[in-house]
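Presented below is the structure to which this report refers.
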Amino acid sequence: MNRHTILKAANALLLAGVLSVTWFAGRAFHRMHVNDPIYPAPGLTEKILLSRYHSALRSGPADTEIYLFSGKEKGGRLLVLGGTHPNEPAGFLAAVLMVENLQVEKGDVWIIPRANRSGFTHNDPQEASPQRFVLTTAKGDRSFRFGSRLTNPVHQWPDPILHINPAGQVLSGSDSRNLNRAYPGKKEGVLTERTAFAIMELIRTEGIDLALDLHEAAPEYPVINAMVFHENSAELAAVALMDLQLQNMDFRLEESPPSLRGLSHREWGDHSEAASILLESANVSHGRLKGKTSASLIVEGRDKNYVRAAARGLLFVPFDEAGIPLKERVARHLAAVRSLTAGLGDMHPDREIILHRFPSPELVREKGAEACLAPPNQR
Amino acid sequence: MKKYLILCLLLSPVVFSSLLGTAEDVRFDQPALITSAGQAAEVHLANVLFKRAGLTATLNKTAEAADLEGHKTLILVLGVSLKGLGAAGIDAGHEKKRVESLLLAADEQSIPILCLHLGGEARRGDLSDQMIKTCLPHAAAVLVVKDGNKDGLFTAICRNHNIPLIEVEKTVYALEPLKNYFRQDRRP
């Protein structure tokens, strides 16, 4: 075999290698744009798309599912958002657990697990985040996307150098893709602003009484394990916090500053009648002190750097070798949703919402979200 | 939720304890003015506790000396929150001045001060500690959620100034001690 033939064979092999890598990478990329299945409980009344509230979103990357559960009796109206930031999986998963278990006896509950659907289709650059994390149910694995805080630039591009959000606040350019800086939204704005506008329209059109936005943040962030409330819901937040204390769930209360514009807890309350509350749990995979960002870090929430940081008093939550696992974070969100809903009914009997088969925070805390997830491949 | 609150009412007498001074001898009169010392959101917890205790109180997060008029007790809810300061549109320096003028006015008008620290360990830190050290010596009594006093800061100040201190395990258990602290409102 001469040298020329060897070179041709090497080139062919190289080309085949490049093509196969491209094929696998392309397939992985394509899969990021496919929604992970959610299996609604039999109590589901209707599955709606967000474009019902703003037709400009129809069939686009932000046209996300809304799951409506209506009771036999009229009562209060609750909206729960998960996935505003798709790299904050506790909020997303708490919403999924509600969709997969809930039955509503009285009142109406709207749940949006993937509020920023586009953000689930990519990762934050330079963070080396895993694309997925897996939870093992009794009947098999459920795999979930770990997305980005922001709308995918494939869907909204380019970012301005500075961004003035719909509420008039000047932000960094990339925040033009941050759903929780885009309220009350803009009907003709960029994709993220149109998404925020549609959610705002849902709140106004459906006469939502209580709107909850589920989030996570780094343990070194001061507003953590917190309930951030609009001033229209101060008493409700205080009542719910005391109820949560009796369940051994300690939260801190934070009032929404009127000068911090564009966030759900501020604009929902300013632009509708809804009591507006944002919930934060502590997620080490968000932090700047973390080690390798892995699926295990997301699920187990253990990191030795954070143990050291806690020992030096640098964190705003207790943190030890046990970490803060996903099951604890999801349980906190579920418990808060339950207490706030109950508090709403206590304070305003005409807005009572009676929930059956609510995913038990106690069970999730003990056995993990897996204990309340539907088995995979359900039709 | 109601059953939890009833349970807490039943349990609260056994979970709080008077640590210093003679809490039994301290009694306050209604109506009370509830204000924040640091703009932490626990001021809303205090407001809910007062409502649930059936006590007459006015909530004014940024009360000034003039707002004391018509009130017989000043309730200071201690704890600095940067978010809360932002919500009130003031900075830490402005808040300190406001609280100091309120303390001075209450002392001059012989209006007793009840200090509450309801945020636990999460509501401690340099700014909060400065506020606590400023306010506590003026208090007629202090009520604190236990893990906010892990390092004994409240105990030390109260001991030095002979101020009765009550610790409760959780905010919700503050309801019964608050009721006991206040004389019945006998107004028609």
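The values are calculated or read from the model by the stated rules, or taken from the named source; none is laboratory data. Note that the structure is predicted; figures quoted are calculated from it, not measured. Positions of Cβ are generated from backbone atoms using ideal geometry, with glycine treated the same way; all protein chains shown enter the neighbour counts. Heavy atoms of the whole protein, side chains included, go into the accessibility calculation; ligands, DNA and RNA do not. Shrake-Rupley method; radii C 1.70, N 1.55, O 1.52, S 1.80 Å.
With respect to the conditions (1) outside any helix (DSSP H, G or I); (2) over 24 Å from residue B:36 (Cα atoms), residue A:278 lacks only one, and its number is (2). Inclusion of residue A:303 among residues that are within 14 Å of chain B (Cβ to nearest Cβ) and not aromatic (Phe, Trp, Tyr) is not warranted. Annotation note: Cβ proximity below 6 Å between a residue of the range A:342-355 that is closer than 16 Å to residue A:73 by Cα and a residue that is modelled with pLDDT of 95 or more and part of a loop (DSSP other than H, G, I, E, B) (sequence gap 6+ or interchain) occurs for A:345/A:352; A:351/A:209.
Scanning the range A:346-379 for residues being of a type in the set (Phe, Trp, Tyr) and open to solvent by 80 Å² or more (accessible area, probe 1.4 Å) gives a total of 0.
Is it the case that residue A:339 is more than 14 Å from every other protein chain (Cβ to nearest Cβ), crowded, with 24+ Cβ neighbours inside 10 Å and of a type in the set (Ser, Thr, Tyr)? Full working, then the answer.
Working: more than 14 Å from every other protein chain (Cβ to nearest Cβ): no; crowded, with 24+ Cβ neighbours inside 10 Å: yes; of a type in the set (Ser, Thr, Tyr): yes.
When the stated conditions are applied, residue A:339 does not pass them.
Applying the set (1) aliphatic (A, V, I, L, M); (2) touching a helix residue (DSSP H, G or I) at 6+ places or on another chain (Cβ under 9 Å); (3) modelled with pLDDT of 95 or more; (4) closer than 30 Å to residue B:40 by Cα to residue A:253 leaves exactly one unmet item: (3). Looking only at residues in the range A:92-131 that are acidic (Asp, Glu) and either touching a residue at least 60 places away in the same chain (Cβ under 8 Å) or open to solvent by less than 30 Å² (accessible area, probe 1.4 Å) (or both), the one that is farthest from residue A:375 (Cα to Cα) is A:127. Tallying residues that are at pLDDT below 95 and either more than 21 Å from residue B:122 (Cα to Cα) or of a type in the set (A, V, I, L, M) (or both) within the range A:312-345 yields 3. For the range A:152-175, the tally of residues that are farther than 21 Å from residue A:55 by Cα and open to solvent by less than 10 Å² (accessible area, probe 1.4 Å) stands at 2. Under the condition of being hydrophobic (A, V, I, L, M, F, W, C) and more than 7 Å from chain B (Cβ to nearest Cβ), the residues counted in the range A:242-257 number 3. Filtered by the rule that a residue be crowded, with 17+ Cβ neighbours inside 10 Å, assigned to a loop (DSSP other than H, G, I, E, B) and of a type in the set (S, T, N, Q), the range A:285-333 gives a lone residue, A:293. With respect to (1) in contact with a strand residue (DSSP E or B) (Cβ under 6 Å, 6 or more places away or on another chain); (2) modelled with pLDDT under 95; (3) open to solvent by 10 Å² or more (accessible area, probe 1.4 Å), the lone exception for residue B:138 is condition (2). The set of residues from the range B:130-169 being within 14 Å of chain A (Cβ to nearest Cβ) and more than 11 Å from residue B:117 (Cα to Cα) comprises B:150, B:151, B:169.
Checking the structure you have, find out if any residue of the range B:75-93 is surrounded by 20 or more Cβ atoms within 10 Å (Cβ to Cβ), more than 14 Å from chain A (Cβ to nearest Cβ), modelled with pLDDT of 95 or more and not in a strand (DSSP E or B). No, the range B:75-93 has no match at all.
Given the conditions (1) in contact (Cβ under 8 Å) with a residue 12 or more places away in the chain; (2) more than 21 Å from the chain's Cα centre (by Cα), report the number of the one that residue A:281 does not fulfil. Of the numbered conditions (1) in contact (Cβ under 8 Å) with a residue 12 or more places away in the chain; (2) more than 21 Å from the chain's Cα centre (by Cα), the odd one out for residue A:281 is (2).
In the range A:56-68, the residues that are of a type in the set (Asp, Glu) reach residues that are part of a loop (DSSP other than H, G, I, E, B) with C-beta atoms within less than 8 angstrom, at least six apart or across chains, in these pairs: A:65/A:35; A:65/A:38; A:65/A:113; A:65/A:114. Out of A:227, A:249, A:200, one residue alone is aliphatic (A, V, I, L, M) and in contact with a strand residue (DSSP E or B) (Cβ under 6 Å, 6 or more places away or on another chain). It is A:227.
Consider residue A:258 carefully, then state whether it is open to solvent by less than 10 Å² (accessible area, probe 1.4 Å), in a loop (DSSP other than H, G, I, E, B), within 30 Å of residue A:174 (Cβ to Cβ) and not hydroxyl-bearing (Ser, Thr, Tyr). So that I can check it myself, show each step before the final result.
Working: open to solvent by less than 10 Å² (accessible area, probe 1.4 Å): no; in a loop (DSSP other than H, G, I, E, B): yes; within 30 Å of residue A:174 (Cβ to Cβ): yes; not hydroxyl-bearing (Ser, Thr, Tyr): yes.
Considered against the rule, which asks whether it is open to solvent by less than 10 Å² (accessible area, probe 1.4 Å), in a loop (DSSP other than H, G, I, E, B), within 30 Å of residue A:174 (Cβ to Cβ) and not hydroxyl-bearing (Ser, Thr, Tyr), residue A:258 comes out as no.
Filtering the range A:2-36 to residues that are surrounded by 10 or more Cβ atoms within 10 Å (Cβ to Cβ), without any contact (Cβ under 8 Å) to a residue 12 or more places away in the chain and either touching a Phe, Trp or Tyr at 6+ places or on another chain (Cβ under 6 Å) or in a loop (DSSP other than H, G, I, E, B) (or both) leaves only A:34.
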